[in-house]
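The values are calculated or read from the model by the stated rules, or taken from the named source; none is laboratory data. Model, not experiment: these values are computed from the prediction. FYI the Cβ positions are ideal-geometry reconstructions off the backbone, even for glycines, and counts take in every protein chain you see. Please note that ligands, DNA and RNA were not included when accessible areas were found on the heavy atoms of the full protein model with its side chains. Shrake-Rupley method; radii C 1.70, N 1.55, O 1.52, S 1.80 Å.
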Amino acid sequence: GIASIEECSLACMFSPWLISYGFVIAFSALFSKTWRINQIFHHPNFRRVTITVKDVIVPFLILLGLNTIVLICWTAISPLKWERIHKNATDDFGRQLQSHGMCTLNSKKDIAYIVLLLIINLAVLLLANIQAYQARTITVQFSESQYIAIINASILQAGIIGG
């Protein structure tokens with residue numbers, strides 16, 4: 001074949017990493033912008049508020065760190081495996097004509113890693129939707145919170161539906 005079972009198993013484990021990191025990178029920018037706008041415009045004393053790069057990058061690093069911890073544990077303890085399933089179709093010489101491969105969990109207990117990633121990311125997504133709701137009254141001149149709220153709600157809806 002073109003790739004060994006070990007190489008295919010390694011490729012299987014890349015999928016959760018790429019999906020999680022892609023979500024964290026794209027989502028953290030939206031969350032940080034909304035959080036920053038809320039800090040500036042909803043400050044109770046109307047004093048000067050300074051938001052540093054450190055303040056904005058902390059949510060990104062926390063979310064990235066939590067996802068990384070779960071993914072490292074999953075990869076080290078019980079990574080996804082490549083499995084080839086042969087159909088019953090054979091030719092006149094007894095050779096397999098059809099098969100398909102897929103990534104599989106090692107056991108039913110491994111679903112916990114997926115559930116943990118979903119809980120972490122959906123909880124933060126829910127928090128971002130709350131932030132966007134709080135920023136809804138800020139004018140578009142200062143904030144694109146309405147558009148960010150639509151994006152966050154769409155991501156939340158896709159996550160709940162499973163898209």
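Hey, what angle do you get for helix 5-41 against the long axis of the chain, alpha-carbon based, 0 to 90 degrees rounded to 10?
With rounding to tens, the tilt is 10 degrees.
When the expected Rg is taken as 2.2 N^0.38 Å, what fraction or multiple of it is the alpha-carbon Rg of the chain?
1.44
List the residues whose amide H sits under 5 Å from the amide H of Gly101, counting only those 5 or more places along or on another chain, with H placed 1.01 Å from N in the peptide plane.
Ile85
Could you provide, to the nearest whole Å², the per residue accessible area of the chain with probe 1.4 Å?
Accessible area per residue: 67 Å².
How many percent of the accessible area of the chain is carbon or sulfur, using a 1.4 Å probe?
Answer for the chain is 66 percent, counting heavy atoms of protein chains only.
Tell me which lysines have Cα within less than 18 Å of Lys33's Cα, excluding those fewer than 8 residues away on the same chain?
Lys54
Report, ordered by chain and residue number, the lysines lying within cross-link reach of Lys109, taken as a straight Cα distance under 23 Å and ignoring same-chain residues fewer than 8 apart.
In chain and number order, the partners are Lys81.
Please state, as a whole number in µm²/s, the translational diffusion coefficient that the Stokes-Einstein equation yields for the range 20-110 at 25 °C and 0.890 mPa s, with Rh defined as the Kirkwood radius across alpha carbon pairs.
Estimated via Stokes-Einstein, D reaches 138 µm²/s.
Given the peptides 100-106, 26-32, arrange them by the average over their residues of other C-beta atoms within 10 Å, most packed first.
Those peptides, ordered most packed to least, come out 26-32, 100-106.
May I ask for the angle, rounded to the nearest 10°, between helix 145-161 and the longest principal axis of the chain, with both axes built from Cα atoms and the value confined to 0 to 90°?
In the chain, helix 145-161 runs at an angle near 30 degrees to the longest axis.
If you scale each eigenvalue of the Cα gyration tensor by 5 and take the root, what three semi-axes come out for the range 62-154, rounded to whole angstrom and sorted largest first?
Semi-axes (√(5λ), whole Å): 45, 19, 9.
Using only Cα atoms, tell me the angle between helix 111-134 and the longest principal axis of the chain; keep it within 0 to 90° and round to the nearest 10.
Taking Cα atoms only, the helix is inclined about 20 degrees.
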